[in-house]
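The values are calculated or read from the model by the stated rules, or taken from the named source; none is laboratory data. Quick caveat: nothing in here was measured; it's all calculated off a predicted structure. All Cβ positions, glycine included, derive from the backbone under ideal geometry; neighbour counts span all protein chains shown. Areas reflect the complete protein model, heavy atoms only, side chains present, ligands, DNA and RNA absent. Shrake-Rupley method; radii C 1.70, N 1.55, O 1.52, S 1.80 Å.
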Amino acid sequence: MPQEVNDQDLVSIKEWIAKETYLPRDLDEIMLRKFLHSCYGSLERTKKCIERFCTTRASLTELYTSRDPTSSKMTAAFSITALATYKTDEDEILIHQLDDPQLEKFSFYDILKAFTIQGDYWLRNYDFFPRGHIVVLDIKDYTLKILPKVNIMYFRDFILYLLEAMPVRVKHVHAVNCPSYYEKLYALVKPALPSEICDIITFHSNTESLWRAIDKKFLPSEYGGDAQSLKVQHQEWITKIKEDRKMYLNDNLWKADLKRKPKSNIVENSMTGSFKTLSID
């Protein structure tokens, strides 16, 4: 267990949650440790992170309700995406791939909803406490045709939620398999992205370029690496998610009760600019 997560901090967070009646009671110990770890043991930042996590889940009804993983919409979303994680010596790599060249099955909110289901699976089942998280986005099928299908400002808010409310330490973002026109595509969405994200994004036209940033022994076979296939691991996740279907049918999972939230209890809406004071060489 990481040094900055100690038992007394865990007790303090549990006591705080018990006093805040609008917060959920279903955050288990491994999740609380993840929040403390992601905030480098700072109790105040951990409280803000947990509150934003729970209150945002309650407000993003488009994504956190009607999440039956066996539904036709989720089945379609799972069929054109792949999500998996890989461990390096100290970091955790999260890879997301869209595999829908003609964007025939692409549905913006369904894709994000499927991602929230997979994210919840990761939170509940992975107890790795990395130095930092490295995000790899395979954008081979991100074409200009995708723009009319995407709510850019909603996506921006969702990205901020992932960075500031999820228990992660984002170290770097690598966009791989970039099309020749990626600069034009990026120019259209960049104004809507947080500046902090723009500062840590690196674009790669091919997998060979990615190898210069990440040792390929930690990458899946789809990227010429030695680790488990991305699609194989993705299918393993989906199988386990469907086996635990009842969890995702719970529309109140890890949600705050906004009606019970005191109006005077206003936590900072953003921790933008520091990503929980991440500082990694």
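Please report, to two decimal places, log10 I(q)/I(0) for the chain at q = 0.12 Å⁻¹ as given by the Debye formula with identical point scatterers on the Cα atoms and no solvent.
Each listed q corresponds, in turn, to -0.78.
Taking the chain as a Gaussian network, where each spring joins two C-alpha atoms under 10 Å apart, which residue of P262, P194, P69 fluctuates the most?
P262
Choose one answer from K259, K149, K190: the residue with the largest mean-square fluctuation in a GNM of the chain with alpha-carbon springs under 10 Å.
K259
To check you understand DSSP bridge types, tell me what percent of the beta bridges within the stretch 49-197 (both residues inside) are antiparallel, rounded to 5. List each step's numbers first, then the result.
Numbers: 7 of 19 bridges.
Around 35 percent antiparallel, to the nearest 5.
Give me the distance between the Cα centres of the stretch 25-40 and the stretch 59-115, rounded to whole Å.
23 Å
Rounded to two decimal places and with Rh computed the Kirkwood way over Cα pairs, what is Rg over Rh for the stretch 102-172?
Ratio value, two decimals: 0.99.
Starting from the amide H of A84, placed 1.01 Å from N in the peptide plane, find each other amide H under 5 Å away whose residue is 5 or more places distant or on another chain.
Under 5 Å from the amide H of A84 lie the amide H atoms of I95, each far enough along the sequence or on another chain.
Decide, for the stretch 194-250, between rounded, prolate and oblate: order the square roots of the alpha carbon gyration tensor eigenvalues as a ≥ b ≥ c, take rounded if a/c falls under 1.5, and otherwise choose prolate if a/b is larger than b/c, else oblate.
Because a/c hits 1.5 or more and a/b fails to exceed b/c, the stretch 194-250 counts as oblate.
If you average the sequence gap of Cα pairs under 8 Å that are 6 or more apart and divide by the length of the chain, what percent do you get for the contact order?
With pairs under 8 Å counted, the relative contact order is 26 percent.
Please go through the residue pairs K171/K240; K145/K246; K145/K263 and name each one whose alpha carbons sit more than 32 Å apart in this structure. Let's see the in-between values first.
Numbers: K171/K240 28 Å; K145/K246 36 Å; K145/K263 43 Å.
Going by Cα-Cα distance, K145/K246; K145/K263 fall outside the 32 Å limit.
Which order do the peptides 29-39, 198-208 come out in when sorted by mean C-beta neighbours inside 10 angstrom, highest first?
29-39, 198-208
Assuming 1.002 mPa s and 20 °C, estimate D for the stretch 105-246 with Stokes-Einstein, Rh taken as the Kirkwood radius over Cα pairs, in µm²/s.
This corresponds to a translational diffusion coefficient of 128 µm²/s.
Restricted to Cα positions, what overall size does the stretch 48-168 have along the principal axes? Three whole-Å values, descending.
38, 33, 28
Under the definition of Cα pairs under 8 Å and six or more residues apart, what whole-number percent is the relative contact order of the stretch 171-220?
Relative contact order here is 54 percent.
What would the Debye equation give as log₁₀ I(q)/I(0) for the stretch 3-68 at q = 0.19, 0.28 Å⁻¹, counting only Cα atoms as equal point scatterers?
Treating every Cα as an identical point scatterer, log10 I(q)/I(0) equals -0.72, -1.27.
How far is helix 29-38 tilted, in degrees, relative to the longest principal axis of the Cα atoms in the chain, given as a value from 0 to 90 rounded to the nearest 10?
70 degrees
Ranked by accessible surface with a 1.4 Å probe, highest first, in what order do F155, F108 come?
F155, F108
For the stretch 137-244, what relative contact order do you get, as a whole percent, if you take Cα pairs closer than 8 Å and at least 6 residues apart?
The value is 23 percent.
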